Amino acid sequence: MSSVLGTYARKDIAFTKGKGSYLFSDNGDKYLDFVQGIATNILGHCHEHLVKTIQEQSKKLWHVSNAFVIPDQEKLAKRLTDKTFADFVCFQNSGTEATEASIKIARKYFHKIGKPEKNRIITFKGAFHGRTLAALFAANNPKHVEGFGPKVDGFDQVPFADHEAIKKAISKNTAAIMVETIMGEGGIKVVPDFCLKGLRDLCDENGILLILDEVQSAYRTGSFFAFDKSGITPDIVPIAKGIGGGFPLGACLLTKKVSVGMTPGTHGSTFGGNPLAMAVGNAVLDIIFEKNFLKNVEKKGEYLHKGLSNIKEKYPKIIQEIRGIGLIRGLKMVVDNTEFMKKLMDHKMLTVKAEENVIRLFPPLVVSNIELDEAINKIEAVCKEMS
Ligand SMILES: Cc1ncc(COP(=O)(O)O)c(C=O)c1O
């Protein structure tokens, strides 16, 4: 019997080595890994630049308190703010801490400007913002919150991308709207650009803030953020997962305007932004910022989409819809997603499921077209078997 608490329904398989798009199990099998730690190893397993960075940094300095200046933290914050809408970055260790910090920042902003009654946040039903108590009750998914009451108050859920419902839900107590730009766990549901614009307008008309959760989608769509192409700018953006390339790292990006309440002592983290994490975060950006890197992600995303769409056309009784942008993709299945994923595993390919009978595909951003073809062929082979 395992001594690890059973909060996961783990598959009976362990991996001992990873390289790029592949994982190697302890019994010697090689798997095409389109889980990548759930959208986390953005540069694949053991990317040379990240390995070298960790090796070098681990000989210099691992951890110092945020009570001191951390030069690599300054550097990463500057690179992120130069590239994006944000004026400041607050470093964390995970996605849930980043969303939690976003909630705190929004509430503190209104407290600071003399409107403390504005403390409620509107979210989408079916969302996922993490596993801390506030993040859990922000999404209020019955499956996740059961038994963890009393309820953390301050969140109002509305149906996904329902403009009228959001409009109705806004009250004098609303501080912000917080949504995932691409709902990940909820089934790779992309908030369309016109809806993002509508959200921004609603926030401006009502003097409230827009928080776009990019924990799963940042760097992955062919743009820096999934919302970039919509042309809008949010006020606060939590990010994590891919930004550390597999090393635990989260961050909350925010504008100068909303930063006013966040003075010394209002927030903190022992580990958040330590030198080892910052070295890795900067190394990930070295690659992401390479010329044409994101453009290539877009191209590979289109290539994958085309391959998957061809299969869908051939097997409409197996696959209903292809979802997502760039290299964050979902297959909405007609057949049972779990059964399909099991068969994919027999073909030595790993995927991850989501709500709405969806299978998520998270290739590393450095995936080759040959590897994408391999994935497409394996998916087609399982379709054939199941039809
Ligand atoms: C959109 C979104 N927000 C927040 C989280 C929580 O991140 P973490 O598991 O790193 O705490 C996740 C994790 O899946 C996520 O997808």
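When you look at residue 98, is it within 16 Å of the ligand (Cβ to nearest atom), assigned to a helix (DSSP H, G or I) and either surrounded by 22 or more Cβ atoms within 10 Å (Cβ to Cβ) or not β-branched (Val, Ile, Thr) (or both), yes or no? Yes: the conditions hold for residue 98.
Every condition in (1) within 16 Å of the ligand (Cβ to nearest atom); (2) farther than 16 Å from residue 274 by Cα; (3) in contact (Cβ under 8 Å) with a residue 12 or more places away in the chain; (4) not β-branched (Val, Ile, Thr) is met by residue 91 except one, and the failing one is (2).
So that you can scan it fast, the table gives a plain yes or no per residue for (1) without any contact (Cβ under 8 Å) to a residue 40 or more places away in the chain; (2) within 19 Å of residue 37 (Cα to Cα); (3) in the same structural domain as residue 75 (by TED's automatic domain parsing):
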{"residue": "233", "(1), (2), (3)": "no, no, yes"}
{"residue": "272", "(1), (2), (3)": "no, no, yes"}
{"residue": "276", "(1), (2), (3)": "no, no, yes"}
{"residue": "284", "(1), (2), (3)": "no, yes, yes"}
{"residue": "306", "(1), (2), (3)": "yes, no, no"}
{"residue": "312", "(1), (2), (3)": "yes, no, no"}
{"residue": "319", "(1), (2), (3)": "no, no, no"}
{"residue": "322", "(1), (2), (3)": "yes, no, no"}
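Across the stretch 107-143, the qualifying residues are those that are away from the ligand (no atom under 16 Å from the Cβ), surrounded by fewer than 18 Cβ atoms within 10 Å (Cβ to Cβ) and not aliphatic (A, V, I, L, M), and the one among them that is modelled with the lowest pLDDT is 142. Could you say whether any residue in the stretch 196-216 is polar (S, T, N, Q) and buried (at least 21 other Cβ atoms within 10 Å of the Cβ)? Looking through the stretch 196-216, at least one residue is polar (S, T, N, Q) and buried (at least 21 other Cβ atoms within 10 Å of the Cβ). In the stretch 97-131, the residue that is nearest to residue 190 (Cα to Cα) out of those that are free of Cβ contacts under 8 Å to residues at least 40 places away in the same chain and touching a strand residue (DSSP E or B) at 6+ places or on another chain (Cβ under 9 Å) is 125. Evaluating residue 161 against the criteria (1) buried (at least 17 other Cβ atoms within 10 Å of the Cβ); (2) among the aliphatic types (A, V, I, L, M); (3) more than 16 Å from the ligand (Cβ to nearest atom) leaves one unmet condition, (3). In this entry, residue 41 passes the filter for residues that are surrounded by 12 or more Cβ atoms within 10 Å (Cβ to Cβ), touching a strand residue (DSSP E or B) at 6+ places or on another chain (Cβ under 8 Å) and assigned to a loop (DSSP other than H, G, I, E, B).
The values are calculated or read from the model by the stated rules, or taken from the named source; none is laboratory data. Being a predicted model, the structure only gives us computed values, none of them experimental. Cβ: placed from backbone, ideal geometry, glycine included. Neighbour counts: every protein chain shown.
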